[in-house]
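Engineer: My structure is below; once you've seen it, I'll send some questions.
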Amino acid sequence: MFIYYAVAAVVILLDQLTKWLVVKNMELYERISIADPYIGLLSHRNKGAAWGMLEGQMWLFYIVTIIVVAGIIYFFHKEAKGHPIFGISLMFLLGGAIGNFIDRLWRKEVVDFVDVLIPVINYDFPIFNVADAALTVGVILIIIHMILDEKKNKKKVS
């Protein structure tokens, strides 16, 4: 069980370290090109949820995050035993949720900095951070777990 919580801790540490580095070393809206024009670091702040939705509603984010974190921990202890992909996915979600929650509590805004342009469709993806990436990975892993679990259950029935 310790190894699972270690995954969440690593996500939180990486998230907070990278955000600290951006805040300390970059001016707001400064962009550092990595693979121009496709990948760069762009110092940005978000006072809302994804894509700036519900900007300024911090009290709502506090309540929702506390409920989500409690739900993740509950599901981890109740449902993830014997399901390593599900357990890891929940820890990615936990780390991501706590990472952005720390920003909202401490800074009253979330530090975002990964700037990606998807070349084939020329789409400027919304700026994100390590916590956001961890949340996405967590959701993808849950989907994979559900697909594999469904296949396993179909084999049992056959």
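The values are calculated or read from the model by the stated rules, or taken from the named source; none is laboratory data. Bear in mind that the values here come from a model prediction, so they are computed numbers and not experimental data. Virtual Cβ from ideal backbone geometry, glycine too; neighbours counted across all protein chains shown. Side chains included, ligands, DNA and RNA excluded: accessible areas come from the protein's heavy atoms. Shrake-Rupley method; radii C 1.70, N 1.55, O 1.52, S 1.80 Å.
Engineer: Which members of the range 101-145 meet the condition of being free of Cβ contacts under 8 Å to residues at least 60 places away in the same chain, farther than 19 Å from residue 7 by Cβ and part of a helix (DSSP H, G or I)?
Structural biologist: Passing the criteria: 104, 105, 106.
Engineer: Considering only the range 77-99, how many residues are in contact with a Phe, Trp or Tyr (Cβ under 7 Å, 6 or more places away or on another chain) and open to solvent by less than 20 Å² (accessible area, probe 1.4 Å)?
Structural biologist: The number of residues fulfilling the criteria is 4.
Engineer: Quick test of your reading of the structure: residue 138 fulfils all but one of (1) under 19 Å from residue 81 (Cβ atoms); (2) surrounded by fewer than 19 Cβ atoms within 10 Å (Cβ to Cβ). Name the failing condition by number.
Structural biologist: Tallying (1) under 19 Å from residue 81 (Cβ atoms); (2) surrounded by fewer than 19 Cβ atoms within 10 Å (Cβ to Cβ), residue 138 fails exactly one: (2).
Engineer: Limited to the range 22-39, what total is found for residues that are surrounded by 13 or more Cβ atoms within 10 Å (Cβ to Cβ), not in a loop (DSSP other than H, G, I, E, B) and not β-branched (Val, Ile, Thr)?
Structural biologist: Summing the residues that are surrounded by 13 or more Cβ atoms within 10 Å (Cβ to Cβ), not in a loop (DSSP other than H, G, I, E, B) and not β-branched (Val, Ile, Thr) in the range 22-39 gives 1.
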